[in-house]
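See below for the structure under consideration.
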Amino acid sequence: MKELSATAKAILGIVAMRPRTGYEIKAFVDNSTRFFWAASYGQIYPELKRLAENGLIEGTDEPTGGRRRTVYTITAAGKKRLREWHREPSADLEFRDEGMLKLFLAGAIEPASAPRIARERAEQARGTAARLREIESHAEGKDPSSYAVLTSGIAFHDFMADLFDKAARDLERGQTKRPTGAGAQERRN
């Protein structure tokens, strides 16, 4: 069998939790993994088809109210493939942040916009951390590994908010070098 795409691996794991429709998978992603692993309908439905064609999931038609509805369940082969992937070393982190890209390119496009971009990105990070804290308030008694990811996400976005706030202050002061030597930590704060 061909290597599974990253989206296929995510879908396979989500269906392993419990049977779901494509719509339910998208709703689950939007309320959980999208903070670190997003997927669109345009990614989900083709992957469901490929996973079914490869015998890793099975779809059962369960129409409701005259609407076509397919519920997918993981097969024994799907569970085996999911366990194999889970035991493999994780790929290197690939970090994509459009706000950071805009900040990086600000000097070439519009240098005066850099502090504003940094402040906007700090606000976005604070907003994401707040949304994750709301999710955390309903996460009592849930899976410990999922909870570890949730709290890591909160810490990450808090860190990013602080980082971008500091970048905005440094940019407003025209500071382009990190302080070094004794007392550098105090000067950076």
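State, as an integer percentage, the relative contact order of the chain based on alpha-carbon contacts under 8 Å between residues 6 or more apart. Please list the in-between numbers first.
Details: 166 pairs, mean separation 30.2, N = 189.
It rounds to 16 percent for the chain.
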query = So, in nm, how far is label T151 from label A27 when the simple model puts each one 7 Å beyond its Cα toward the Cβ?
reply = 2.9
ask   = What is the distance in Å between the Cα centres of the range 103-122 and the range 138-166?
value = 26
ask   = Computed from these coordinates, which is log10 I(q)/I(0) by the Debye sum over Cα atoms at q = 0.09, 0.18 Å⁻¹: [x] -0.49, -1.20; [y] -0.44, -1.22; [z] -0.31, -1.25?
value = [x]
Under the Karplus curve 6.51 cos²θ - 1.76 cosθ + 1.60, θ = phi - 60°, whole-Hz ³J(HN,Hα) for the range 89-97, x wherever Gly or Pro sits = x, 6, 5, 4, 5, 10, 9, 10, 9
ask   = If amide H atoms are built 1.01 Å from N in the plane of the peptide, which residues on other chains or at least 5 residues away come under 5 Å of the amide H of T70?
value = G22, E62
query = If you take the square roots of the eigenvalues of the alpha-carbon gyration tensor of the range 6-87 and sort them as a ≥ b ≥ c, do you get rounded (a/c under 1.5), prolate (a/b over b/c) or oblate?
reply = oblate
note = Along the range 4-12, Karplus-curve 3J(HN,Hα) (6.51, -1.76, 1.60; θ = phi - 60°) to the nearest Hz, with x for Gly and Pro, reads 6, 6, 4, 5, 4, 4, 4, 4, 4
message = Compute the helix-to-body angle for 41-53: its Cα long axis versus the longest principal axis of the chain, expressed 0 to 90° and rounded to tens.
response = 40
request  = Excluding residues fewer than 8 places away in the same chain, name every one of the aspartates and glutamates whose C-alpha is closer than 15 Å to that of K26.
outcome  = E47
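Every read-out reported here was derived from the displayed coordinates using simple, explicitly stated rules and does not represent laboratory data. The shown structure was predicted, so the numbers you read here are calculated from the model rather than taken from an experiment. Glycine gets a Cβ as well: all are built from the backbone with ideal geometry, and neighbour counts include every protein chain shown.
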